[in-house]
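Read-outs: derived from the displayed coordinates by stated rules, not from any lab. On a predicted model such as this, the values are computed, not experimentally measured, just so you know. Here the Cβ positions follow ideal geometry from the backbone for every residue, glycine too, while neighbour counts run over all protein chains shown.
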Amino acid sequence: MVRFTVLSSGSKGNSAVLTAGRTRILIDAGLSCRELFRRMTIAGEDPTTLSAILITHEHSDHINGLAVTARKLNIPVFFTEPTHRAWVRQLTPKRRITYAQWLEDQQRLKQQAEADTQAASAFNESALSIDAATDEAYDAEAEAAEVLADSPQPDSEPDLNKIPSRAEDPSWLPSVEYFAPGSHFTLGDATVRPFTIPHDAADPVGFVFESEGIRLAVATDLGYIPPNVKQELRSLDLLHIESNHDLDMLRDGPYPWNVKQRVLSRVGHLSNNSTSEFLANEYDGQASYVILAHLSECNNLPELARIAAEQALQNHASLIANRLLIAYQHEPLESIHF
Ligand SMILES: [Zn+2]
Ligand SMILES: [Zn+2]
């Protein structure tokens, strides 16, 4: 059995669940863990049966609930290595220091190392003669530490020399697996083929999934559709494709000029026009379902995206086979069964 459920789609969070036989894959974790679980339950999906999480890229609308969800379910997360590294960097507090502070730090570390060496040799000399005075000193020290622990602590700079424990490290995951764009891999009962997409992230990908002879593709967050992506979006049963903005609404809309430029760029997002152009001229018309996804709430209307795609599909001989659906931001889409 193959089933595809969009939980959320848009700039406030993206997530979908693919069930392929006994394997259940969460594609992106763009909502909080709590909201992901709530939507899965609404859609009739059991969160506790998820097998793995796959990440397309490190933008917040795709990873918001990642760490909490992976930890709670104790399941592996699949990334490309650059995406994983970019995600870890995002979560690691930055510390900016001046040259004077750096010199001071070096001095402090040197003094610390010297003190440690001295203490080690002193300990070696007196290891067999610990007297009552030392015990007393130790007790006083322990008491002071307890009082300190009870009192509110001032904000302090993170100690970068300390290796964070699991609880302290926001990027700690139960298990991380790397994949490479262009190379397929098996994940339980599904074959996954990640492919590179043009987008302003470290190493963004789309996916083609195959299971029980059914092929599904997820392609959102791309500035345009290059030949390698066109190649991947063939012979599909389901196509989940971005239709981000209406060009006029974006041009006249509230975004600052530089953000408009970013969205329109070749590493931004697909407009209704670009998607419908692809559907009219390049798409082979074979999918039973075409889902328009990642619609902007600011710069698009579901009806505009639908009209553009419908017009494109009208010219298709196999129009009857294509069911056009729109994925929403605030509610899951009804599951699609194959
Ligand atoms: Zn993105
Ligand atoms: Zn996105």
Problem set entry | For q = 0.18, 0.24, 0.27 Å⁻¹, Debye-computed log10 I/I(0) when each Cα of the stretch 224-279 counts as one equal scatterer | -0.65, -0.97, -1.13
For this session: Please report, in cubic angstrom per residue, the volume enclosed by the convex hull of the alpha-carbon atoms of the stretch 211-326.
Result: 92 Å³
For this session: Return Phe209, Phe338, Phe37 ranked ascending by Cβ neighbour count within 10 Å, so the fewest neighbours appear first.
Result: Phe338, Phe37, Phe209
Problem set entry | Fraction in percent of alpha-carbon pairs per bin - 5 Å, the stretch 259-338 | 3, 14, 25, 22, 19, 12, 4, 1
Exercise. Sorted from fewest to most neighbouring beta carbons within 10 Å, what does the list Ser32, Ser276, Ser183, Ser243 look like?
Worked result: Ser183, Ser32, Ser276, Ser243
Exercise. Which order do Met249, Met1 fall in if you start with the one that has the fewest other Cβ atoms within 10 Å?
Worked result: Met1, Met249
Exercise. If R0 is 35 Å, what FRET efficiency do you get for Met249 and Ser335 from their C-beta distance, rounded to 0.05?
Worked result: 0.70
